[in-house]
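The values are calculated or read from the model by the stated rules, or taken from the named source; none is laboratory data. No experiment lies behind these values; they were computed from the predicted model shown. Neighbour counts run over all protein chains shown; Cβ positions are idealised from the backbone, glycine included.
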Amino acid sequence: MRNTLVGVAALVLAACAGGSGAPAGAPAPAGGAKLYVVNQGGATISVIDQQRLVVDTVLDLRTMGFTANAKPHHVAVEPDGSFWYVSLIGDGRVLKLDRSNRLVGQVNMETPGLLALDPVHDSLYVGRSMTAVNPPRSLGVISRRNFLLVDEQEIVLPRPHALVVTPDGKWVHTASLAENRIASVEVATGRVTLTTIAGGPRSMVQFAISPDGGTMVAGGELSNTVLVFDLTRPPPMQPVREIQAGGKPWDPMYRPGGRTLFTTVLADNALAEIDVASGTVLRTITGMMAQPYGLIIRADGRYAFVINQNSGALKPGESGHAMHGMAGGASTTDGWLTVIDLTNGEVVKTLMLGAGPTGAGAAGAR
């Protein structure tokens, strides 16, 4: 890792020659769009058909030359679904696969965590895993087209985790799990602006940006709040609102249109819908959730796909577990996908995943 602060603009120019292979802002594919869910404890990836609501296939990383301790953590998908990317904490790799699930590239990187596509430039930004003992204080910057590690952007934050790129491609924001601090990288210059948030510890797990690009939210694991930031002003930035959202709001995501926000609430086994403008929790959805970790909302806004980690939270036969066909051959720590119809808040289906599922991605989802 280079410890000098590098101008990201120069990296992007070098990486952008020829484009990314998928035009920025390309629409999500109509029909048959795949949802990719990583099973961190089992070295597998479940590929879900979002239209038919079935598991399309399960990829075993061990058959692709990786170890049983690969620990796949997060997924990012090109807007047109042509390629997708997955971070492997244990094997220290970021992989590039095509829509046919063929491995077409890989980059070595220490403890890679969350992934974020730059919607304007060729860059794929890579954060650090929260499970790493002492991860580097930097973000990986990968050229998506050539799939090379261009550089590691120093950000001077311990345990950088939450990660997002603004829709205009001008800023990359990442937050520390250990401190109430956000590092904002200006893409054109590589300049880093630090924000320190007053008060008790938040431990910001993940960001989400409203469709209009004007608002950013973060789930605060320790504060049990969702923090709201005004992106119409340049960093540094303080929360303009902080909303009580239940036990450990984890992974927020806006519903298409941006009128409301949903977040998984890990400690409450629930999904909360929030009106960000008023700071009101509109409803809390429960049922067939156990440690809901990741969240994807289908591009049409109808279904929420909730990834339940279930690290021993439920046993087969408890809380309707067996009634949904999960008990047969399932480990007590296997997770599942809960499909919720957001029009009425009802669980319409559950799909078995593998051990310790964490992150997910889909074309056009974030």
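Here are a few things to note about the model shown:
- Looking only at segment 59-100, and only at residues there that are under 20 Å from D122 (Cβ atoms) and without any contact (Cβ under 8 Å) to a residue 24 or more places away in the chain, the one that is surrounded by the most Cβ atoms within 10 Å (Cβ to Cβ): L95
- Of the listed requirements (1) of a type in the set (S, T, N, Q); (2) farther than 21 Å from I89 by Cβ; (3) modelled with pLDDT under 85, S138 misses just one: (2).
- Segment 214-248, residues that are within 13 Å of T263 (Cα to Cα), part of a strand (DSSP E or B) and without any contact (Cβ under 8 Å) to a residue 40 or more places away in the chain: G220, T225, L227, I243, Q244
- Residue in segment 137-145 that is within 26 Å of D230 (Cα to Cα) and not in a strand (DSSP E or B) present: yes
- Check on E273, within 18 Å of G345 (Cβ to Cβ) and of a type outside the set (A, V, I, L, M, F, W, C): yes
- Qualifying strands (runs of 3 or more DSSP E) (wholly inside segment 55-105; at least 3 residues being modelled with pLDDT under 95 and within 21 Å of the chain's Cα centre (by Cα)): none
- For segment 156-180, taking the residues that are among the charged types (D, E, K, R) and more than 18 Å from R233 (Cβ to Cβ), the one that is modelled with the highest pLDDT is identified as E179.
- Members of segment 211-243 found to be in contact with a Pro (Cβ under 9 Å, 6 or more places away or on another chain) and of a type in the set (S, T, N, Q), listed by number: S223, N224, T225
- Residues of segment 150-170 satisfying the condition of being among the hydrophobic types (A, V, I, L, M, F, W, C) and within 20 Å of the chain's Cα centre (by Cα): I155, L157, A162, L163, V164, V165
- Scanning segment 252-289 for residues that are crowded, with 21+ Cβ neighbours inside 10 Å, within 19 Å of the chain's Cα centre (by Cα) and either free of Cβ contacts under 8 Å to residues at least 12 places away in the same chain or not in a strand (DSSP E or B) (or both) yields L266, N269, M289.
- Only one entry of A22, A26 meets the criterion of being outside any helix (DSSP H, G or I), at pLDDT below 95 and farther than 23 Å from L149 by Cα, and that entry is A26.
- For P211, the conditions (1) without any contact (Cβ under 8 Å) to a residue 60 or more places away in the chain; (2) within 18 Å of the chain's Cα centre (by Cα); (3) crowded, with 17+ Cβ neighbours inside 10 Å all hold with the exception of (3).
- Residues of segment 171-192 include at least one that is more than 21 Å from V240 (Cβ to Cβ), assigned to a loop (DSSP other than H, G, I, E, B) and within 20 Å of the chain's Cα centre (by Cα).
- No other residue among V150, V104 is surrounded by fewer than 23 Cβ atoms within 10 Å (Cβ to Cβ), touching a Lys or Arg at 6+ places or on another chain (Cβ under 6 Å) and not acidic (D, E) apart from V104.
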